[in-house]
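Asker: Submitted below is the structure of interest, expressed as structure tokens.
The values are calculated or read from the model by the stated rules, or taken from the named source; none is laboratory data. Bear in mind the structure is a predicted one, so any value in this text is a computation, not a measurement. As a convention, Cβ positions derive from the backbone with ideal geometry for all residues, glycine included, and neighbour counts pool all protein chains shown. Only protein heavy atoms, including side chains, enter the accessible area calculation; ligands, DNA and RNA are left aside. Shrake-Rupley method; radii C 1.70, N 1.55, O 1.52, S 1.80 Å.
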Amino acid sequence: MVAPLAILLVHAFWSVDYLTIQRSFMLENFRTLLTSDLYGRVLGRSVAIAAVVTLIDIVLAFPVAYFLAKKVRRHREVLLLLVVFPLWSSYLVRVFAWKTILGTSGILNTFLLWTGVIEVPVSAFLYSKTAMIITFCQVWLPFMILPLYTVIDRMPNALLEASADLGATGRQTFWKVILPLSLPGLLAGSLSVFSLTLGDYITPTLLGGPGDQMIGRLVADSFGMSNNWPLGAALVLPVLLIVSILIWGAGRFGALGRTAS
Amino acid sequence: MGLPLMTALVFLLLYLPLAVVVLYSFSASEVARWPIASYTLDWYRELRQDREILAALRLSVVIGLAAALIAVVLGTAAALAIDRFDFPGKHAIRFVVALPITLPGIGTGVAKLSFFSLLTWEMSRWTLIVGHATFCIALVLNNVVARLGQLPRNLGEASADLGASPWRTFWRITFPLIRPAILAGGVLAFTLSFDEVVVSFFLQGREPTLPLLIWGRLRIGLSPEINAAATVIVLVSLVGVLLSNRLLRGGARSGEMATGTSR
Amino acid sequence: MSVAVPSPSTSTARTAAVAQPGIELRKVRKSFGETVAVDEVSLVVGRGEFLTLLGPSGCGKTTTLRMIGGFELPTSGEIAIDGETMNHRPPHRRPVNTVFQNYALFPHLTVAGNVAYGLEMAGVAKAERQRRVADALEMVRLPGVENRRPSELSGGQQQRVALARALVNRPAVLLLDEPLGALDLKLRKAMQVELKQLNRAVGATFVYVTHDQEEALAMSDRIAVMSAGRVLQLGTPEEIYESPRNRFVADFIGQTNLLPVEVVAIEGDRARVRVSGGQILTCRTTAGAPVAGPATLAVRPERLHLRSELGETGGLAWNHLEGTLAETIYLGTHTQWVVELPDGVSIVVHRQNRGPAERGESLGPGEPIAVVIDPDAATLLAE
């Protein structure tokens, strides 16, 4: 029993330890960070993209989660497994696939040309914020569906029926009953999607344009190519800070009751 | 829009990229053009002769197995401790263990790199194993804690009541009942480690894992060979997920047995 | 009552308990943090006795049982089985076996595996083990299910397996924690009889926990009624039912009319009391009951009689209360009559439905009626 506890302790140290390293590095790098508005812009852009992706995923995931939890009777487990499976199939592969889909001679362009929506292939699909947002939304979608499914599944049907019985329309039931009760799952899912998007560097590298850098990419480059660890470490701090505040906030709403993400 | 239609479209969206990868791995053309003109197995042949990829594959398997093994041992032990004893800071410990899968990979990756450097460890397959094990532990731990929570608490008491020492109770009762959850956690841990890029990027030594090798090549340009490799990875993941799901469901079934009277 | 007849308080069961103690609890106390679950309980259970701990949930009965089994350690006090102190013995080294609530059968072992488990732990040889497992399953009338899994059995069958698994070890003490709670009514009644027979057949001391008073009355040699961590009354089912010592026991076991009264006079074991509203009654008094001032009178509904024409029989000769009929409720085996006394207090009377004549449809609500009380059936409570 000593070994796991020791590991747990070491673990705790990692986060703390990490922050102390940070502190000594920060002094040198803080000036760079504050004086150059590049970092502020990149961070702002990253947060904005993460927020947009989270919102889109909520909209996409809600009907699916509701449908699986309340409407499907047979093969529900198979459908759930189908939601989970993409999570466990290489993330890299899925991002890479979008490059194929969105490319100039890719599926999307061919399809649009065929339907006559466009007349010349659009190259702007790839290497743009749109490409990044589409990819992020698709790649992290299961993280939104699963927690939403869990909370909606637990919602007693009688509650929804009671709402209808009391004269609420479907829309009113959604806003007054389903949505408030889904809040823990919604927050848990949002937290995952937001935090995963904010920290990512794979998608920006493969699908982002030159002006679409995200904070994760800057961090990765500082540790990789430019070999400026202290700067990278200082850059990652705001990311961790934002996510930690969100975790704390979500935890207060009971969003961390989930077992696995 | 009707719910079933929305759901169908979302499922389409979820599987579109995977389908594309698998499809293009059989495309004869070097360029990912649609529609696919002719089909070939060349990329798989090339894959089989690509020493770099085979070495990376081997490394990924070794790291996945090692990380999963560490996670299984430590995760199970920690889960038992959390389930059985009430101690101060129990929630804090669960929280800390969950951090590696809650925080963005970039943060934990950088943190681990800083920590290993502080210990003056050279980045190598060992740092990858330890790094992967830390997030794998959380998977096993969550799985096993959930399973232990489902077990009626009085099974252990019944065993003691019938004269079994705590040690025998563990091996005769507790362990057989949580084995499916441990195995499922282990399989998931392996699958996750096998796919991992974000954290691995910071912890790699000279030899790349399979995802890292693919990542390196992708940055240079598209190669249909990558599609073939990706298809193989998807297959491995599929097997892993199916396996762990089957194990977990087997476990859930014996869980129903334990509470069979509640009906 | 003649002097030669022993009073009900010295029943044979209690005499046996004192002569040959099976389990002894001495000032056993258990607290979980601030809350006291069991408060200085002292109890002697005779060898081979069937004792029931009866009380509402949270009264400390299960905690008491768990301390005898060794699953909880007493905060203070002593527990002895067959004269040996058990305080620091872990459950797996006590001569005690338990039938758990919801049975706690091992889901991954067969029925035989479950029943043989204790024997295996005790190092009994395989051939002997098989024989005893078969015997035990025979004893609970469940032969031939050795190779099935617990999940393949019905609730009643699982219950029998749990019983066999405990009894096969020939324990000195068998603890039963609401073992019939999950069964339907008919099966429960049948199992009550069987448990009682098993108790006589194997000679082990049975300690049975339940919140079901009917179950307790049907099976027990003695009942310990518990509330808020204390034993309020210990006695044979008859004593507990007929002479409840306090309000809680009277109210918890069966249905009882509890009337607020004022004690006017005491004559030996008889008391004259004034029921609020001014009517005077004669009743039985018990040790510790108030000798003057306010008190509570307990009387069972089935011990009361009804009269609608008192005047003709010279009313004052009867020990009775006059009131008006509030309502009658037909309940199958009996009819419940609710009579309202002048001051608003209601009194419930049960009348067996032996035939159409006794249902008394002729009386309607609001009509005057008298409740006749046998002085021996009305008890002045101690608390």
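Asker: Using only DSSP helix segments of four residues or longer, with each worth -39500 (n - 2.57), what per-residue ellipticity at 222 nm results for chain B after dividing by its residue count and rounding to 500? Provide the component values of the computation, followed by the final result.
Answerer: Numbers: 12 runs with 202 residues, N = 263.
Computed mean residue ellipticity for chain B: -25500 deg cm²/dmol.
Asker: Provide the FRET efficiency to the nearest 0.05 for the A:Glu77-C:Gln20 pair, computing r from the beta carbons and using R0 = 45 Å.
Answerer: 0.15
Asker: Based on the Cβ-Cβ distance from B:Ser117 to B:Arg206, what FRET efficiency comes out when R0 is 25 Å, to the nearest 0.05? Before the final figure, lay out each step's value.
Answerer: Values: r = 16 Å, r/R0 = 0.65.
Efficiency at R0 = 25 Å is approximately 0.95.
Asker: Could I have the simple spin-label model distance between C:Ile329 and B:Arg153, label points 7 Å from Cα toward Cβ, reported in nm to one decimal?
Answerer: 3.7
Asker: I've got another one for you. Once each part is reduced to its C-alpha centroid, what is the distance from region C:162-225 to region B:137-172 in angstrom?
Answerer: Between the Cα centres of region C:162-225 and region B:137-172 lies a distance of 28 Å.
Asker: I would also like to ask the following. Output the 0 to 90 degree angle, nearest 10, between the alpha-carbon long axis of helix C:126-139 and the longest principal axis computed from the alpha carbons of chain C.
Answerer: So the inclination is approximately 20 degrees.
Asker: Also, I was wondering about something else. Mind checking how much accessible area B and C bury in total, 1.4 Å probe, in Å² rounded to 100? Please report the intermediate quantities before stating the final value.
Answerer: Details: alone 16170 and 18390 Å², together 32260 Å².
Approximately 2300 Å², summed over both chains.
Asker: Moving on to the next point. Counting only residues 5 or more places away or on other chains, whose amide H sits under 5 Å from the amide H of C:His320 once H atoms are built in the peptide plane?
Answerer: Here the answer is C:Ile373, since their amide H atoms fall under 5 Å of that of C:His320.
Asker: Going toward the positive end of the dipole of region B:50-262, with +1 on Lys and Arg Cβ and -1 on Asp and Glu Cβ, which of B:Val197, B:Ile220, B:Ala164 do you reach last?
Answerer: B:Ala164
Asker: Ranking request for peptides A:232-243, B:187-198, C:323-334, C:65-76: highest mean number of other beta-carbon atoms within 10 Å first, then the rest in descending order.
Answerer: On the way: A:232-243: 21.8, B:187-198: 25.9, C:323-334: 13.6, C:65-76: 19.8.
For the peptides A:232-243, B:187-198, C:323-334, C:65-76, the packing ranking is B:187-198, A:232-243, C:65-76, C:323-334.
Asker: Return the percentage of antiparallel bridges among DSSP beta bridges fully within the protein assembly as shown, rounded to the nearest 5 %. Mind showing how you got there, number by number?
Answerer: Working: 65 of 85 bridges.
Antiparallel: roughly 75 percent of the beta bridges in the protein assembly as shown.
Asker: OK, next. Counting only residues 5 or more places away or on other chains, whose amide H sits under 5 Å from the amide H of C:Ala265 once H atoms are built in the peptide plane?
Answerer: HN-HN under 5 Å from C:Ala265: C:Arg272.
Asker: Given N residues in region A:139-230, what is its alpha carbon radius of gyration divided by 2.2 N^0.38 Å? All intermediate terms of the calculation are to be shown ahead of the outcome.
Answerer: Values: Rg = 20.3 Å, N = 92, 2.2 N^0.38 = 12.3 Å.
Normalised Rg, Cα atoms only: 1.65.
Asker: Separate question: By how many degrees, 0 to 90 and rounded to 10, does the Cα axis of helix B:51-84 deviate from the longest principal axis of chain B?
Answerer: Long axis of B:51-84 versus the principal axis of chain B: about 20 degrees.
Asker: I'd like the FRET efficiency for B:Trp167 and C:Asp39, computed as 1/(1 + (r/R0)^6) with the beta carbon distance as r and R0 of 35 Å, rounded to 0.05.
Answerer: E between B:Trp167 and C:Asp39, to the nearest 0.05, is 0.50.
Asker: Just checking the output field for B:6-15: average partner chain Cβ neighbours within 10 Å of each residue's Cβ?
Answerer: Details: counts 7, 11, 2, 3, 10, 5, 0, 6, 13, 6.
Going residue by residue through B:6-15 and averaging, the value is 6.
Asker: Could you state the number of Å between the C-alpha centres of region C:319-354 and region C:80-144?
Answerer: Here the answer is 51 Å between Cα centres.
Asker: Let me ask something additional. Which links in A:Lys70/B:Lys112; B:Lys90/B:Lys112; C:Lys27/C:Lys189 stretch past 31 Å when you go from one Cα to the other? Don't skip to the end; give the middle numbers.
Answerer: Values: A:Lys70/B:Lys112 42 Å; B:Lys90/B:Lys112 23 Å; C:Lys27/C:Lys189 34 Å.
Over 31 Å apart, Cα to Cα: A:Lys70/B:Lys112; C:Lys27/C:Lys189.
Asker: Would you mind checking the tilt of helix C:185-202 against the longest principal axis of the Cα atoms of chain C, expressed as 0 to 90 degrees and rounded to 10?
Answerer: So the helix axis and the longest Cα principal axis differ by about 60 degrees.
Asker: Would you calculate the separation in nanometres between label points at A:Ser244 and A:Trp175, each defined as 7 Å from the Cα along the Cα-to-beta-carbon direction?
Answerer: With each label placed 7 Å out from Cα toward Cβ, I get 3.9 nm.
Asker: Another question, if that's okay. Restricting things to alpha carbons, tell me how big region A:167-213 is in terms of Rg and Dmax, in Å.
Answerer: 17.5, 54
Asker: Oh, and also: Using just the helices of chain C, give the 222 nm mean residue ellipticity in deg cm²/dmol: DSSP H runs with n ≥ 4 each add -39,500 (n - 2.57), and the total is spread over all residues, rounded to 500. Please list the in-between numbers first.
Answerer: Values: 9 runs with 92 residues, N = 383.
The helix contribution divided over chain C gives -7000 deg cm²/dmol.
Asker: Let me ask another. For C:Gln255 and C:Asp184 in one chain, what is 0.36 nm times their gap in residues minus the Cα-Cα distance, to one decimal in nm? Present the calculation step by step, with values, prior to reporting the outcome.
Answerer: Numbers: separation 71, 0.36 × 71 = 25.56 nm, distance 2.26 nm.
This chain segment gains 23.3 nm when fully extended.
Asker: Ignoring solvent entirely, what values of log10 I(q)/I(0) come out of the Debye formula for region C:255-380 at 0.15 Å⁻¹ when each Cα is a single scatterer?
Answerer: Here log10 of I(q) over I(0) equals -0.68.
Asker: Would you work out the charge dipole size for region A:105-222 about its Cα centre, treating the Cβ of every Lys and Arg as +1 and the Cβ of every Asp and Glu as -1, and quote it to the nearest 20 debye?
Answerer: Using only the charged Cβ atoms, the result is roughly 140 debye.
Asker: In addition: Can you list the HN-Hα couplings for region B:149-162, worked out from phi with the Karplus curve (6.51, -1.76, 1.60; θ = phi - 60°), rounded to whole Hz and with x for Gly and Pro?
Answerer: x, 6, 5, x, 4, 7, 4, x, 5, 4, 5, 4, 4, 8
Asker: From the convex hull of the Cα coordinates of region B:50-262, what is the mean projected area in square nanometres?
Answerer: Computed as one quarter of the Cα hull surface, the answer is 14.1 nm².
Asker: What are the residues whose amide H is under 5 Å from the amide H of C:Val38, where those residues sit 5 or more places off or on another chain and H is modelled from the backbone?
Answerer: C:Lys30
Asker: In the protein assembly as shown, carbon and sulfur make up what percent of the accessible area (probe 1.4 Å)? Each step should come with its number before you reach the end.
Answerer: Numbers: 24720 of 40940 Å².
Accessible surface attributable to carbon and sulfur in the protein assembly as shown totals 60 percent.
Asker: Suppose the chain between B:Ser223 and B:Ala81 were pulled fully straight at 0.36 nm per residue; how much longer would it get relative to their current alpha carbon spacing? Don't skip to the answer; put the middle values down first.
Answerer: Numbers: separation 142, 0.36 × 142 = 51.12 nm, distance 4.87 nm.
Result: 46.3 nm gained on full extension.
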